[in-house]
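The values are calculated or read from the model by the stated rules, or taken from the named source; none is laboratory data. Predicted, not measured: the structure shown is a model, and the values here were computed from it. Using ideal geometry, Cβ is built from the backbone for each residue, glycine included, and neighbour counts are taken over all protein chains shown.
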Amino acid sequence: NVCETLPGIPQSERRVVQTIEGFGFTYTGNVPEVLDLSYDKQKVKEILISLGITVPHGVVLAPEEAADWNLFPAIVKPSREHCSLTITEKSVVYDTSSLQEQIRFVNKELNQPALVEDFIDGREFRVSVWNNDPPEILPLVEMSFSAFSEPRKRLCTYDSKFVPGSEHYKKIESLVPAPLDEKLLRKLEKKVLKTWKGFGCLDYARFDFRMRDDEFYLLDINPNNDISLNTSFALAVGMTSFTYSQMAKRIVMMAAERHPVYGEKTLAIA
């Protein structure tokens, strides 16, 4: 399963997998409950805190509650969305007036609440994991913002992912493997594995972190991350002994191990 949405039906990843399950098929990737949970950023944040994972301070706020927030710069995100929808430079705000305006924008644009978070201005890492027993952390990918000096530009916007001619798409570099001190790497890996197990992930997932003052803050979990050729996941796999086609085969084999008939045969082949 690599379907992110059904045409015209927002947040329909869960429905896709439920349909596949309904037909009795074994599929790659995560179960419906994990996919659906990943959209609820406030709930995800609560679970991460219960697991002991550091996250940016954040709350869901209405426009009239903007004055209650006093931690700037802040970033305003949709509370139930993926793919950086509505995320632009304007998402990073420095005062109450701009915060209120951006909350209203998210409310109107996506008809959903806005999540306001402490903006972590630091290095950003995409950490991909695959395999199940045990899970394997792939080489880190760092999203380099070295082309930007202004903090509000130092983020992965919607344009950086989906608009090839945009400034962010052209100037944000992917560094792989990311240069990171061994002690910090071990610290990050512990957080990643705890999150993977805590959410009950299967086959593959990606976790996005930022580092500030040697502390890692988990920004987002992606249990149905893009695995196409130029993505951070594929770049990370490319640093191992696997080719892209071998990557696809391995993911299929992970799912095959759960098949009620072919599972034992698959384990023998593997």
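Taking the options GLY29, GLY8, name whichever one is in the same structural domain as TYR262 (by TED's automatic domain parsing) and either buried (at least 17 other Cβ atoms within 10 Å of the Cβ) or more than 17 Å from the chain's Cα centre (by Cα) (or both). Before you say what the answer is, go through the steps one by one.
Working: GLY8 fails: in the same structural domain as TYR262 (by TED's automatic domain parsing).
Matching residue, one of GLY29, GLY8: GLY29.
Residue-wise test of (1) without any contact (Cβ under 8 Å) to a residue 12 or more places away in the chain; (2) of a type outside the set (A, V, I, L, M); (3) within 19 Å of ASP40 (Cα to Cα).
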| residue | (1), (2), (3) |
| --- | --- |
| ILE172 | no, no, no |
| LYS183 | yes, yes, no |
| GLY198 | no, yes, yes |
| ARG206 | no, yes, yes |
| ARG210 | no, yes, no |
| PHE216 | no, yes, no |
| ILE221 | no, no, yes |
| ASN230 | yes, yes, no |
| PHE233 | no, yes, no |
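Just checking, does the stretch 77-94 include any residue being within 25 Å of ASP226 (Cα to Cα), basic (Lys, Arg), in contact with an Asp or Glu (Cβ under 8 Å, 6 or more places away or on another chain) and at pLDDT 95 or above?
yes
If you take the residues in the stretch 235-249 that are within 14 Å of PRO139 (Cα to Cα) and of a type outside the set (A, V, I, L, M, F, W, C), which one is surrounded by the fewest Cβ atoms within 10 Å (Cβ to Cβ)?
SER241
Restricting attention to the stretch 155-170, report how many residues are in contact (Cβ under 8 Å) with a residue 40 or more places away in the chain and either assigned by TED's automatic domain parsing to the domain that holds ILE87 or among the hydrophobic types (A, V, I, L, M, F, W, C) (or both).
Residues meeting the conditions: 3.
Return yes or no: is ASN131 polar (S, T, N, Q), closer than 30 Å to VAL252 by Cα, modelled with pLDDT of 95 or more and surrounded by fewer than 22 Cβ atoms within 10 Å (Cβ to Cβ)? Walk me through it before giving the result.
Working: polar (S, T, N, Q): yes; closer than 30 Å to VAL252 by Cα: yes; modelled with pLDDT of 95 or more: yes; surrounded by fewer than 22 Cβ atoms within 10 Å (Cβ to Cβ): yes.
Criteria met by ASN131.
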